[in-house]
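Step one of this worksheet: look at the structure below.
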Amino acid sequence: MPEQPRSIRSRQAIIEATADLIGKQGVSGTSVADIIRASGTSTGAIYHHFGSKQEIIVETARQALHWPMTAITEYFDNPASPADLFGYAVEALRFGPELGELLVQLGAGGLSDDELGRALRAEFSQLRDGLDLTLGSWARNQGLPQERVRGLAEMLVGLILGFATQRALVDDFDEAAYEVQGRAMLAAAVAG
């Protein structure tokens, strides 16, 4: 595989450093100077690729959501139940806890900055929309009316983000109990 051009490596280093910093320090605790230092790039490289700190953060969120979006797309043709999708997401957050920490910090950062919040909600809405399509496909395969899965994407995203938040904030968080309860809630919602 050919090596990536330096400009692409520099851009990716900026995004990876930003993700790491935000996961540890939060959005407001991460400065452009921190990103420059952590990425090993320069001010010129930052502003060559991004117009502002907000643009870096939004691209970081976009890349953080890329893996879940890819997984959802793969389930479209052979969709899993809402409870199973939740279980897969929980397992992914256990395997890659840094993603959960990043999502929690991005959410917190979006709450304290209205403009950033709007931009991040647009990114997260794509995740919800992908889940809506996958859940609709699952309902069709199960012979269920679409109304049975309406609103489940929001519930699923909320449960997943709740898991990530609890995991980050609660020392004695019972992950297994949360997963069992989340699965039961989703199954009950489908059962109507």
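Laid out as a table, the results:
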item: Unmet requirement for Gly51, which otherwise passes all of (1) open to solvent by less than 20 Å² (accessible area, probe 1.4 Å); (2) part of a loop (DSSP other than H, G, I, E, B); result: (1)
item: Residue that is surrounded by the fewest Cβ atoms within 10 Å (Cβ to Cβ) [pool: residues in region 38-48 that are assigned to a helix (DSSP H, G or I) and polar (S, T, N, Q)]; result: Thr43
item: Qualifying residue in region 5-22 (condition: at pLDDT below 90 and either open to solvent by less than 70 Å² (accessible area, probe 1.4 Å) or in contact with a strand residue (DSSP E or B) (Cβ under 8 Å, 6 or more places away or on another chain) (or both)); result: yes
item: Residues that are of a type in the set (S, T, N, Q) and under 17 Å from Glu115 (Cβ atoms), drawn from region 19-56; result: Ser28, Thr30, Ser52, Gln54
item: Those residues of region 57-98 which are of a type outside the set (Gly, Ala, Ser), more than 23 Å from Met185 (Cα to Cα) and not in a helix (DSSP H, G or I), in sequence order; result: Asp77
item: Considering residues of region 111-165 that are among the charged types (D, E, K, R) and touching a residue at least 60 places away in the same chain (Cβ under 8 Å) only, the residue surrounded by the fewest Cβ atoms within 10 Å (Cβ to Cβ); result: Glu115
item: Candidates Ile57, Ile35, filtered to the one that is in contact with a Ser or Thr (Cβ under 6 Å, 6 or more places away or on another chain) and surrounded by 16 or more Cβ atoms within 10 Å (Cβ to Cβ); result: Ile35
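The values are calculated or read from the model by the stated rules, or taken from the named source; none is laboratory data. Small disclaimer: the values here were computed from a predicted structure and weren't measured. Quick reminder, even Gly has a Cβ in these numbers, built from the backbone with ideal geometry, and neighbours come from all protein chains shown. When the accessible area is computed, the model is the full protein with side chains, heavy atoms only, and any ligands, DNA or RNA have been set aside. Shrake-Rupley method; radii C 1.70, N 1.55, O 1.52, S 1.80 Å.
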